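Written out below as structure tokens is the structure these notes cover.
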Amino acid sequence: MKEIKAIICTMLAMFMLLLTGCSDEQASHSTTSSTDTKQAVQVEGSSDQENDHSPSKANREDVVGEAATVERVVDGDTLKVKMLNGKRDRVRLLLVDTPETKHPKLGVQPFGPEASAYTKKRLEGQEITLEFDVQERDQYGRLLAYVWIDNELYNEELLAKGLARVAVFPPNTKYVDEFKKIQEQARKSEKGIWSIENYAQEKGYNTDAVKNQSSSNQKDIQSAKSCEGKIKGNQNSKIYHVPTGAHYNQTMNNVIWFCTEKDAQEAGYKKAKN
């Protein structure tokens, strides 16, 4: 009888050990499976995150060029830089031309100081990438380059802000089509150099256009003075008042005078209701 009990106890012990082994294997498989699932989710998640990022049309990382630091801005489109090897060079931006600030004959042209100040603020002391085109240097020995900063093409930035015009000198024409589209947008918006009629032209800047506009503005001022006391316009609201109107004698800021109601209407003003 004792032998039978011993055999039964031994069998029960073996059975319990077998159950424990299966349970551990199942738990281990479950843990591994859970870990694999988490890893799969993380991979998919990072993939989705990357896909959410829409890369710009042109990235600085994709550019094959040479790194440099801008030591000094000469004017809007000319820089003095220091290369990684310690060599210093002068760089002329490709496909763009800003108005002059230090030309011995042309002197200081309208929007030249603005372009120079903007380039100084944006680039001086900054690390840039110089991208070259077909011809590496101009007749003055300056490096010819497209300048990249913060993944942005600075040549385009000058055009977009109306601080430069497109200047084409073959064979360096890599971005000419894109540049012309940006220039056209600035021109339509009358930004910077495009705010003066006939000033920015294909071959340079017409300073006579500035003189003509100044003369025209002076005539407008004289004409406005001669109309003083007649039709009173408010430049903020674009409303005009006639002498018999209820608000004609009220103090207004930014007053402009017109000789007739027709003049005011042609200038885009509307008559006050009372």
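For ALA27, are the conditions met, namely being farther than 30 Å from THR207 by Cβ and either at pLDDT 60 or above or surrounded by 12 or more Cβ atoms within 10 Å (Cβ to Cβ) (or both)? When the stated conditions are applied, ALA27 does not pass them.
One residue is enough: does segment 107-122 have a residue meeting the conditions surrounded by fewer than 22 Cβ atoms within 10 Å (Cβ to Cβ), among the hydroxyl-bearing types (Ser, Thr, Tyr) and either touching a helix residue (DSSP H, G or I) at 6+ places or on another chain (Cβ under 6 Å) or more than 25 Å from ILE182 (Cβ to Cβ) (or both)? Give the steps one after another, and end with the answer.
The initial filter retains those residues of segment 107-122 that are surrounded by fewer than 22 Cβ atoms within 10 Å (Cβ to Cβ), namely 107-110, 113-114, 117-118, 120-122.
Within this subset, residues satisfying the condition of being among the hydroxyl-bearing types (Ser, Thr, Tyr) are 118.
Now narrow it down to the ones that are either touching a helix residue (DSSP H, G or I) at 6+ places or on another chain (Cβ under 6 Å) or more than 25 Å from ILE182 (Cβ to Cβ) (or both): none.
No, segment 107-122 has no match at all.
Only residues that are part of a loop (DSSP other than H, G, I, E, B), polar (S, T, N, Q) and either closer than 17 Å to GLU157 by Cβ or at pLDDT 95 or above (or both) were counted in segment 183-216, giving 1.
Restricting attention to segment 130-161, the residues being surrounded by fewer than 19 Cβ atoms within 10 Å (Cβ to Cβ) and touching a residue at least 60 places away in the same chain (Cβ under 8 Å) number 6. Of the candidates ALA200, ALA164, the single residue that is touching a Leu at 6+ places or on another chain (Cβ under 6 Å), among the small types (Gly, Ala, Ser) and surrounded by 20 or more Cβ atoms within 10 Å (Cβ to Cβ) is ALA164. The single condition among (1) over 30 Å from VAL255 (Cβ atoms); (2) in contact with a Lys or Arg (Cβ under 8 Å, 6 or more places away or on another chain); (3) at pLDDT 95 or above that GLU131 does not meet is (2).
The values are calculated or read from the model by the stated rules, or taken from the named source; none is laboratory data. Please read these numbers as outputs of a predicted model, since none were measured by experiment. In this analysis, Cβ positions are derived from the backbone assuming ideal geometry, glycine residues included, and neighbour counts consider all displayed protein chains.
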